[in-house]
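See below for the structure under consideration.
The values are calculated or read from the model by the stated rules, or taken from the named source; none is laboratory data. Quick caveat, the model's predicted, so the values are computed rather than measured. Here the Cβ positions follow ideal geometry from the backbone for every residue, glycine too, while neighbour counts run over all protein chains shown. Surface accessibility is based on the protein's heavy atoms, side chains included, excluding ligands, DNA and RNA. Shrake-Rupley method; radii C 1.70, N 1.55, O 1.52, S 1.80 Å.
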Amino acid sequence: MVRKLKLENYLNTEKSNDFLEMAYNAETQTKAKSYLKKALELDPDNLDAELALADISSKSQLDFLKKTEDIIAHGNKLMEEQGHFEKDCIGDFWLIFETRPYMRVRYRYLMLLLECKMLKKAIHECEEMLKLCENDNLGVRYILIHLYTFWEDEKSVLNLCKKLKMLKTTQLLFPLSVLYYKLLDFKKAEKYLLELAETNRYTKEFFKAFLEERIDEFELEDYGYRPFTIDELIVTFMENLYLYCNLIEYFSWGYDILKKKR
């Protein structure tokens with residue numbers, strides 16, 4: 001059973017979140033740190049404030065990663081105390097509002113693992129997050145399919161697609177084409193490439209821009225991207241550079257195929 005918050009604790013939490021918001025909008029790092037420390041004084045269990053303070057206080061990404069591990073340990077204790085690790089809650093994280101700060105910390109930790117090129121550890125983190133949040137509100141499935149593709153793990157890719165009933169999107173078809181290219185199954189690689197081009201009509205333009213080293217010329221919108229646009233292809237590429245950046249031969253092969261199709 002999930003523990004109920006007392007009124008006093010609730011009010012402290014609200015005030016703490018007010019200081020967290022002030023920190024996000026602070027003009028200087030010094031002011032931001034001051035607001036975050038005040039937020040944690042009011043609510044020592046404010047995981048968002050802990051994460052923000054660790055971010056601006058870390059000397060390096062590796063230092064930040066280590067601090068985030070400590071915050072996750074704190075979050076694990078809170079989730080246990082609040083009953084969120086009980087069987088009837090597992091799978092519904094994020095849908096349960098009180099678990100969202102914890103999931104945000106786990107997601108930031110995943111990003112840090114990727115930035116530090118700790119890819120095997122990142123796979124494990126993705127798998128654990130999907131167990132907690134089966135609805136995958138944070139889009140972890142698309143990160144995981146790229147990681148499986150990097151390691152040429154066809155079985156895991158297919159199991160993930162089946163389990164989550166993944167739709168034919170840019171974030172799915174692009175790595176599937178790369179996977180089978182890497183496995184020397186050019187028939188399937190071409191099949192998924194052509195499905196990608198049918199789903200996102202900017203695919204040929206993107207491949208051409210990559211080969212001509214012109215991707216930096218495209219200006220992305222500040223607030224995300226529109227589906228089925230070249231922006232979506234660029235974001236998918238940039239967020240998974242460890243997979244795509246050294247695949248010049250794949251893009252050359254793919255562009256030759258796309259040029260033949262009208």
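Name the single residue that is nearest to LEU113 (Cα to Cα) among those in segment 50-66 being surrounded by 18 or more Cβ atoms within 10 Å (Cβ to Cβ) and out of contact with any Pro (no Cβ under 9 Å at 6 or more places or on another chain).
My answer is LEU65.
Would you mention how many residues in segment 134-193 are out of contact with any helix residue (DSSP H, G or I) (no Cβ under 7 Å at 6 or more places or on another chain), under 22 Å from MET111 (Cα atoms) and either open to solvent by 40 Å² or more (accessible area, probe 1.4 Å) or among the aromatic types (Phe, Trp, Tyr) (or both)?
Adding up the residues that qualify gives 5.
All but one of (1) without any contact (Cβ under 8 Å) to a residue 40 or more places away in the chain; (2) farther than 16 Å from GLU125 by Cβ; (3) part of a helix (DSSP H, G or I) hold for ASP48, so report the exception by its number.
Unmet for ASP48, out of (1) without any contact (Cβ under 8 Å) to a residue 40 or more places away in the chain; (2) farther than 16 Å from GLU125 by Cβ; (3) part of a helix (DSSP H, G or I): (1).
List, please: which pairs have Cβ atoms under 9 Å, are six or more places apart or on different chains, and start with a residue in segment 58-80 that is in a helix (DSSP H, G or I) and end with one that is open to solvent by less than 80 Å² (accessible area, probe 1.4 Å) and at pLDDT below 95?
Here the result reads none, with nothing in segment 58-80 linked to a residue that is open to solvent by less than 80 Å² (accessible area, probe 1.4 Å) and at pLDDT below 95.
Can you find, within segment 154-189, the residue that is farthest from TYR242 (Cα to Cα) among those that are among the charged types (D, E, K, R) and part of a loop (DSSP other than H, G, I, E, B)?
Among residues in segment 154-189 that are among the charged types (D, E, K, R) and part of a loop (DSSP other than H, G, I, E, B), the one farthest from TYR242 (Cα to Cα) is LYS165.
Scan segment 92-146 residue by residue and report those that are among the acidic types (Asp, Glu) and in contact (Cβ under 8 Å) with a residue 24 or more places away in the chain.
Passing the criteria: ASP92, GLU98, GLU115, GLU134, ASP136.
Test each condition in (1) closer than 24 Å to SER156 by Cβ; (2) part of a helix (DSSP H, G or I) for LYS204 and report the one that comes out false.
Condition (1) is where LYS204 drops out.
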